[in-house]
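A.B. asks: Quick one: the structure is below, questions incoming.
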Amino acid sequence: MSTFKFQPRWKEELVVTGPGGSFILELPMGVLSAYLPTESAWKKKAPNWAKELYPELKQEVENWCKENKAELVVDETSGVY
């Protein structure tokens, strides 16, 4: 069973909804790519309810990217909004 639900939005955003709320990851469309911070950066940027869910999130974003033919970029400078 999935913890997160993913919904791309027209402003190059990937809306991620989970058990405690939602947040936005970057999703540039030039080359469809989802940007996820590294685990250490995630703990500084993530909503409080999602800080410990990084392993599940990373796996589910990887799965979403495969299903949608998108690249996953894990970078400490990636934003979470």
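A.B. asks: Under unit Cβ charges (Lys, Arg +1; Asp, Glu -1), what dipole magnitude, rounded to 20 debye, does the chain have relative to its Cα centre? Mind dumping the intermediate values first?
C.D. replies: Numbers: 10 positive and 12 negative charges, 42 e Å.
Around 200 debye, computed over the chain.
A.B. asks: Over all directions, average the projected area of the Cα convex hull of the chain and note it in nm².
C.D. replies: For the Cα atoms of the chain, the hull's average projected area reads 4.8 nm².
A.B. asks: Skip the ligands, DNA and RNA, and give the accessible area per residue of the chain with a 1.4 Å probe, whole Å². Show your work: numbers first, answer last.
C.D. replies: Values: 4900 Å² over 81 residues.
Accessible area per residue, the chain: 61 Å².
A.B. asks: Right, something else. Ignoring ligands, DNA and RNA, please state the percent of accessible area on the chain from carbon and sulfur, probe 1.4 Å.
C.D. replies: 51
A.B. asks: What angle, in degrees between 0 and 90 and rounded to the nearest 10, separates the Cα long axis of helix 54-67 from the longest principal axis of the Cα atoms of the chain?
C.D. replies: Once rounded, the angle reads 20 degrees.
A.B. asks: Another question, then. Which listed residue (VAL31, VAL15, GLN59) has the Cα farthest towards the positive end of the charge dipole for the chain, taking +1 on Lys and Arg C-beta and -1 on Asp and Glu C-beta about the Cα centre?
C.D. replies: VAL15
The values are calculated or read from the model by the stated rules, or taken from the named source; none is laboratory data. This is a predicted model, so every value here is computed, not measured. We place every Cβ from the backbone using ideal geometry, glycine too, and count neighbours over all the protein chains shown. Note: accessible area is taken over every heavy atom of the protein model, side chains too, but ligands, DNA and RNA are not part of it. Shrake-Rupley method; radii C 1.70, N 1.55, O 1.52, S 1.80 Å.
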